[in-house]
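Working notes, beginning with the structure itself.
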Amino acid sequence: MKCPYCGFEESKVVDSRSTEDHKAIRRRRECLKCNRRYTTYEKIEDIPVLVIKRDSNREYFDKTKIINGLVKACQKRPISRVQIDSIADEIEKKMNNDMLTEVKSEYIGELIMEKLKEIDEVSYVRFASVYRQFKDINTFIEEITNLMSDKNIDKIKK
């Protein structure tokens, strides 16, 4: 590691600790030539996930797009920002745990709908109407009917 002050390539680690989020290690180093101290960070290299869009274009996964979609679907509903962030974090974590390098946008959409279905049916239908591109009121009614029949099946199971 080159010293940012004198350019010398040898240093010693004076202090080393994990960052608050435990995603990196912060190290205080001291240059063996000029004796000045500086901070470095060591973190795991992110493996980018490519999202395959409906038109077959690929773009890097962006958690903020999930958050923005959830915020719109949950607008004026009793869903907190913490819950929205948690859903986005869970989806990102699932893709990382599954070690996916490419994923279809449909897969992400289905994961989002699965989570919304558990916490708020109105937000679920709102999201589904945009995600599944409902063409008319009949498609909307069909989705609500499916939601209601799923709910009845869940009651029978309990």
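What follows is calculated from the coordinates using simple rules that are stated; it is not laboratory data. Everything numeric in this text was worked out from a predicted model, so none of it was measured. Virtual Cβ from ideal backbone geometry, glycine too; neighbours counted across all protein chains shown.
Peptides 84-93, 46-55, 16-25, 115-124 ranked from most to least packed by the mean count of surrounding Cβ atoms within 10 Å: 115-124, 84-93, 46-55, 16-25. Taken about its Cα centre, the chain carries a charge dipole of roughly 640 debye when the Cβ of each Lys and Arg holds +1 and the Cβ of each Asp and Glu holds -1. Separation of segment 108-128 and segment 1-41, taken as the distance between their Cα centroids, equals 46 angstrom. Checked against a 30 Å cut-off, the cross-linked pairs LYS72/LYS104; LYS12/LYS43; LYS2/LYS63; LYS43/LYS72; LYS72/LYS135; LYS43/LYS104 give Cα-Cα distances beyond that limit for LYS2/LYS63; LYS43/LYS72. Comparing GLY7, PHE140, ALA128 along the charge dipole axis of the chain, the residue lying farthest to the positive side is GLY7, per the Cβ-charge model. Per residue, the chain reaches -15500 deg cm²/dmol at 222 nm when only DSSP H runs of four or more residues are counted, each adding -39500 (n - 2.57).
By the rule of a second cysteine Cβ within less than 4.7 angstrom, the chain holds isolated cysteines at CYS74. Entry note, segment 64-139: relative contact order of 34 percent, from Cα contacts under 8 Å with a spacing of 6+ residues. Residue by residue, segment 69-82 carries 3J(HN,Hα) couplings of x, 5, 4, 5, 5, 9, 4, 6, 10, x, 10, 7, 5, 4 Hz when phi is fed to the Karplus relation 6.51 cos²θ - 1.76 cosθ + 1.60 (θ = phi - 60°); x denotes Gly or Pro.
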